[in-house]
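A.B. asks: Quick one: this structure, given as structure tokens, is what I'll be asking you about.
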Amino acid sequence: MRLAFSPFNAEMGYEEAFRLAAEEGVDLEVAYDLHEVLPLPEAKALRATGEALGVGFTLHLPFLELNPASLIPSVRKLSEERLKRALEFGEALGAKVGVLHTGQVPFRHPMALALAQEALEKTLSALLPLPFPVALENLALSQEDLLQGPEELKALLHRFPQYGFCLDVGHALVELGPRGPFRYLEALGDRLLHLHLHDNHGARDDHLPVGAGRVPWEGLKGLLSGFSGTAALEVGGGAEGVRWSLLRLRGLC
């Protein structure tokens, strides 16, 4: 398993993040949203720095104010366009994998759900062919999240074999309790490309360092030891939170 961490969650600038990543021998998960709103280095500049330091990249595709399942055609189209720009950015970055949120629906009315599902599938189709692997992330942190539970995500991935799965262990805990990560693995383990690793106490998405909450890390030991894909820490607490989480994960592995 090749580990990374998110400078966005750790609240670190790129200079500090690159230094820590090089020291720890890990990669960075870039948050594309920040590159839309801040004067940050372009993808090619980040890639050159990474190559010089032995630091690779994964990419979190845009999710702020973005809804690829929007019922409003112009909003869905704008989401599609932003995602296409992000994929171009990721290709220039040399991203190993991209992570995609699957969108929201304003209310769980049968007609709204059907239209949102149709909109999401239109967006996913428009992004093909993918320039690098993209994994759909489990959300279900609120009733507004379109896909609820592992079976709905499994059904979508069955219709879109071009995409993989990103297991967010913290999201799974909030949605389904301590068995949540295992239920997603049982349903989608064969499609797993990427992991998002962080902790919480089961009530909300706190992004705590590994071991600071109720995620069943000991039970996930086999997955973490045998997984050959990529994983990104999405933890707060700055460099200390990242270092502590890496220490705990390496102990488990």
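A.B. asks: Among rounded, prolate and oblate, which fits region 158-233 when a ≥ b ≥ c are the square roots of the eigenvalues of its C-alpha gyration tensor, a/c under 1.5 means rounded, and a/b larger than b/c means prolate?
C.D. replies: prolate
A.B. asks: Ok, one more. Go through Lys84/Lys122; Lys44/Lys221; Lys96/Lys154 and tell me which ones have a Cα-Cα distance over 25 Å in this structure.
C.D. replies: Lys44/Lys221
A.B. asks: Then there is this: Can you grab the distance from the C-alpha centre of region 1-67 to the C-alpha centre of region 100-158, Å, no decimals?
C.D. replies: 25 Å
A.B. asks: Which length gain, in nm to one decimal place, applies between Ala48 and Glu144 when the Cα-Cα distance is subtracted from 0.36 nm times their residue separation?
C.D. replies: 30.6 nm
A.B. asks: Would you please name the trypsin sites (Lys or Arg not before Pro) within region 71-149 that are DSSP coil residues with at most 11 other C-beta atoms within 10 Å of their C-beta?
C.D. replies: Nothing satisfies the criteria.
A.B. asks: Tabulate in residue order the Karplus-calculated ³J(HN,Hα) for region 186-200, using 6.51 cos²θ - 1.76 cosθ + 1.60 with θ = phi - 60°, rounded to whole Hz; enter x for Gly and Pro.
C.D. replies: Going residue by residue, I get 4, 7, 10, x, 6, 10, 5, 10, 8, 10, 10, 10, 6, 10, 6 Hz, with x marking Gly and Pro.
A.B. asks: Right, next: Positive end of the dipole of the chain, charges at C-beta (+1 Lys, Arg; -1 Asp, Glu), about the Cα centre: which of Leu64, Ala43, Gly170 has its Cα farthest in that direction?
C.D. replies: Value: Gly170.
A.B. asks: Only Lys, Arg, Asp and Glu count, each charged at its Cβ (+1, +1, -1, -1), so figure out the dipole size of region 129-253 about its Cα centre, rounded to 20 debye.
C.D. replies: 400 debye
A.B. asks: With +1 on the Cβ of every Lys and Arg and -1 on the Cβ of every Asp and Glu, and nothing else charged, how large is the dipole of the chain about its Cα centre, in debye rounded to the nearest 20?
C.D. replies: Here the size comes out at about 520 debye.
A.B. asks: In region 125-228, which trypsin sites (Lys or Arg not before Pro) fall in coil by DSSP and have 11 or fewer other Cβ atoms within 10 Å?
C.D. replies: Of the trypsin sites (Lys or Arg not before Pro), the ones in loops of region 125-228 whose Cβ has at most 11 other Cβ atoms within 10 Å are Arg204.
None of the figures in this text is laboratory data; all of them are computed from the coordinates on show. If you're wondering where the values come from, they're calculated on a predicted model, not measured in any experiment. Here the Cβ is made from the backbone with ideal geometry for all residues, glycine too, and neighbour counts use every protein chain on show.
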